[in-house]
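Worksheet: one structure, shown below.
The values are calculated or read from the model by the stated rules, or taken from the named source; none is laboratory data. The model shown is predicted, which means the values in this text are computed figures rather than measured ones. For neighbour counting, all protein chains shown are included, and Cβ atoms are generated from backbone atoms with ideal geometry for every residue, glycine included.
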2 protein chains.
Amino acid sequence: MTSRRDLAEMLYPLLQSLIAAEVPVLAAHGVSMWGYAVLGALEDGSVRTQAALAEAIGADKTRIIGTLDKLQATGLITRTPDPRDRRARILTITDEGREVRGSVRAEIQAHEERLLARLPEADRDGFLRALEALHRLPREDITDRSSLDRRPAHRSNPA
Amino acid sequence: MTSRRDLAEMLYPLLQSLIAAEVPVLAAHGVSMWGYAVLGALEDGSVRTQAALAEAIGADKTRIIGTLDKLQATGLITRTPDPRDRRARILTITDEGREVRGSVRAEIQAHEERLLARLPEADRDGFLRALEALHRLPREDITDRSSLDRRPAHRSNPA
DNA sequence: CACATTAGTAAGCATCCGCATATCATCTGC
DNA sequence: GCAGATGATATGCGGATGCTTACTAATGTG
């Protein structure tokens with residue numbers, strides 16, 4: 001058994017192709033890939049500071065500054081000093097930012113839906129559920145070779 | 001509907017984590033990521049020349065040369081001029097190459113199995129089937145926005 | 001035989017990435 | 001109030017990537 005291909009071997013070209021499809025959409029709306037990721041992280045409000053943002057989107061905190069500068073200059077986000085800790089900058093997505101994010105997202109997901117429509121429904125549903133479950137896993141759970149903990153990736157049992 | 005995340009948003013960190021898990025294994029066996037991909041492409045014998053190889057693994061043909069040099073120097077592949085077209089080099093994986101490829105692959109897939117074991121079986125099966133189907137699609141089918149053709153990704157109906 | 005084409009190779013360039021370092025302002029603990 | 005830690009920022013290094021150009025050897029075409 002296990003005569004299948006490695007996951008990365010299949011995921012890599014898939015991701016490449018998806019990104020290639022996204023790039024023109026992003027360019028048409030004047031945002032970069034990182035910019036789009038930033039808007040996404042800010043949209044749900046779970047991220048406030050830049051350090052938290054970098055952590056959330058898996059980017060280097062020194063590398064997102066230019067992205068934030070541009071987003072701010074375009075009026076898609078605001079960066080205001082935290083009155084409680086004036087070292088930190090509170091990041092907020094503006095209405096225009098939400099609008100851009102929504103437009104890009106709609107186009108990207110419409111494209112993805114057309115792609116997913118080519119899969120059998122059962123596989124498609126399983127694919128999305130599995131992907132979401134894997135996405136929720138902390139990075140170390142995937143990276144570490146000592147997967148001694150066999151907690152299911154779905155329905156995590158807290159505590 | 002479609003309140004889900006973008007595919008790339010979920011695939012990107014997943015791939016990053018998988019690669020991070022693979023790197024130590026590859027290093028332990030003295031092959032690079034591209035080297036491993038080359039061995040994989042050569043293993044099934046569908047690729048003979050360097051140009052075909054570059055095409056197969058989605059790499060630049062000028063960039064794989066160093067990889068091939070190293071694989072050849074390590075004795076994992078052979079590069080012999082094609083007697084019928086002495087411009088071309090016939091690539092062959094050696095027994096030792098097969099062995100290294102097999103070892104690395106076993107380790108990587110064992111790790112992947114442990115990861116996939118955390119998913120519900122139905123989702124896992126659908127995930128793998130969908131991934132394989134998407135992997136079989138030609139790149140343009142994913143990239144192009146004009147997905148006028150709605151052929152299912154599974155059971156392709158040839159002509 | 002002259003010409004265009006192709007496979008492999010080498011080299012250069014612009015970009016991006018992760019990582020490390022340094023600076024400055026600010027906060028926190030003692 | 002001072003020392004140490006922290007957030008944001010700027011900068012530079014090394015590595016990898018995609019893209020382009022150029023050169024060679026060999027093939028094929030007229």
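Below is a table of values for the structure above.
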item: All positions within region B:34-56 that are of a type outside the set (G, A, S) and either surrounded by fewer than 15 Cβ atoms within 10 Å (Cβ to Cβ) or more than 16 Å from B:E112 (Cβ to Cβ) (or both); result: B:W34, B:V38, B:L39, B:L42, B:E43, B:D44, B:V47, B:R48, B:T49, B:Q50, B:L53, B:E55
item: B:T74, sole failed condition from (1) in contact with a helix residue (DSSP H, G or I) (Cβ under 9 Å, 6 or more places away or on another chain); (2) farther than 14 Å from B:R101 by Cα; (3) more than 9 Å from every other protein chain (Cβ to nearest Cβ); (4) of a type in the set (S, T, N, Q); result: (2)
item: Residues satisfying the stated conditions in region A:45-71, i.e. more than 14 Å from chain B (Cβ to nearest Cβ), within 15 Å of DNA strand C (Cβ to nearest atom) and part of a helix (DSSP H, G or I); result: A:Q50, A:A51, A:L53, A:I64, A:I65, A:G66, A:T67, A:L68, A:D69, A:K70, A:L71
item: Of all residues in region B:86-100 being surrounded by fewer than 12 Cβ atoms within 10 Å (Cβ to Cβ) and more than 7 Å from DNA strand C (Cβ to nearest atom), the one that is farthest from the other protein chains (Cβ to nearest Cβ); result: B:R86
item: Output for region B:16-33, where each listed residue is surrounded by 18 or more Cβ atoms within 10 Å (Cβ to Cβ), of a type in the set (A, V, I, L, M, F, W, C) and within 15 Å of DNA strand C (Cβ to nearest atom); result: B:L18, B:A21
item: Residue list for region B:17-44, filter: free of Cβ contacts under 8 Å to residues at least 12 places away in the same chain and assigned to a helix (DSSP H, G or I); result: B:S17, B:A20, B:V23, B:P24, B:A27, B:A28
item: Scope region B:109-155; condition within 24 Å of A:R114 (Cβ to Cβ), modelled with pLDDT of 90 or more and among the aliphatic types (A, V, I, L, M); matching residues; result: B:L128, B:A130, B:L131, B:A133, B:L134
item: Any hit, region A:95-102, residues being in contact with a strand residue (DSSP E or B) (Cβ under 6 Å, 6 or more places away or on another chain) and on the phi < 0 side of the Ramachandran plot; result: yes
item: Hey, B:R86 modelled with pLDDT under 95 and either hydroxyl-bearing (S, T, Y) or over 17 Å from the mean Cα position of the chain (by Cα) (or both) or not; result: yes
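Residues are listed down the side, and each one gets a yes or a no for (1) closer than 19 Å to A:I90 by Cβ; (2) within 13 Å of the chain's Cα centre (by Cα); (3) within 15 Å of DNA strand D (Cβ to nearest atom):
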{"position": "A:A28", "(1), (2), (3)": "no, no, no"}
{"position": "A:V31", "(1), (2), (3)": "no, no, no"}
{"position": "A:Y36", "(1), (2), (3)": "no, yes, no"}
{"position": "A:L39", "(1), (2), (3)": "yes, yes, no"}
{"position": "A:D44", "(1), (2), (3)": "yes, yes, no"}
{"position": "A:R63", "(1), (2), (3)": "no, no, yes"}
{"position": "A:K70", "(1), (2), (3)": "yes, no, yes"}
